[in-house]
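To start, the structure under review is shown below, and the notes come after it.
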Amino acid sequence: MKAITIWQPWASLIACGAKQYETRSWATSYRGPIAIHAAAVKVPQVLKKLFPTGEWRYTSDYTAKWRFLDIVAKGLGGVYTTEELMDTLNGLQTGSVIATAELVDVWHIKSVQRFPGRINGIPTGAESQEGTRLLTVLESMNRRKQQGDGVAYFYHLGVLENEIILGDWTPGRYAWELANVKPITPVPVKGKQGLWQWEAPTDN
């Protein structure tokens with residue numbers, strides 16, 4: 001089975017169904033079963049990389065960090081005190097395959113915008129029961145392959161703002177769409193860059 005290594009807490013957010021897309025700077029023609037491998041890097045190290053000045057109040061990193069952690073906490077399904085949340089994040093499984101999924105499409109990100117409107121009856125740029133949806137213009141790599149490179153196929157999708165915050169949706173990057181995610185008993189294994197081959201234990 002193909003596998004991809006993802007930092008925590010994103011790997012666990014995918015495993016529990018809180019994150020549907022994995023954003024990358026590169027596309028792949030592969031479609032099919034994929035193992036979700038949680039990288040060995042611990043969450044405190046990840047937070048320092050993402051938010052270098054996040055420990056200092058009144059900095060943009062501090063505000064961004066706690067907005068991010070609030071979404072992470074909701075995605076993990078809990079209501080935590082700060083101490084409980086950090087304990088939970090520190091306890092997330094690392095250096096292991098923690099779930100399997102299906103990679104069903106790769107979307108080329110064209111734009112992400114915030115303004116009022118409707119997409120197929122879904123309000124964008126406004127609060128809904130699921131959260132705020134943002135207007136995203138994406139091109140399906142599946143349809144490009146089917147129709148040929150001479151024609152671009154763009155789709156305006158109302159992606160939830162929390163999904164956007166949990167990834168890097170800079171135009172030009174790619175959103176890998178995952179489906180049929182199934183958590184598994186963690187299997188320790190060393191991760192690799194790019195897509196790599198993982199042999200699942202016979203008892204899983």
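Values quoted throughout were computed directly from the atomic coordinates according to the rules given, and no laboratory measurement underlies them. Predicted, not measured: the structure shown is a model, and the values here were computed from it. Ideal geometry is used to build each Cβ from the backbone, glycine not excepted, and the neighbour counts take in all protein chains shown.
In this simple spin-label model, placing a label point 7 Å from the Cα along the Cα-to-Cβ direction at both Thr202 and Asn90 gives a separation of 4.1 nm.
Let a ≥ b ≥ c be the square roots of the eigenvalues of the Cα gyration tensor of the stretch 48-99; is it rounded (a/c under 1.5), or, if not, prolate (a/b larger than b/c) or oblate? Judged from the Cα gyration tensor, the stretch 48-99 comes out prolate (a/c at least 1.5, a/b above b/c).
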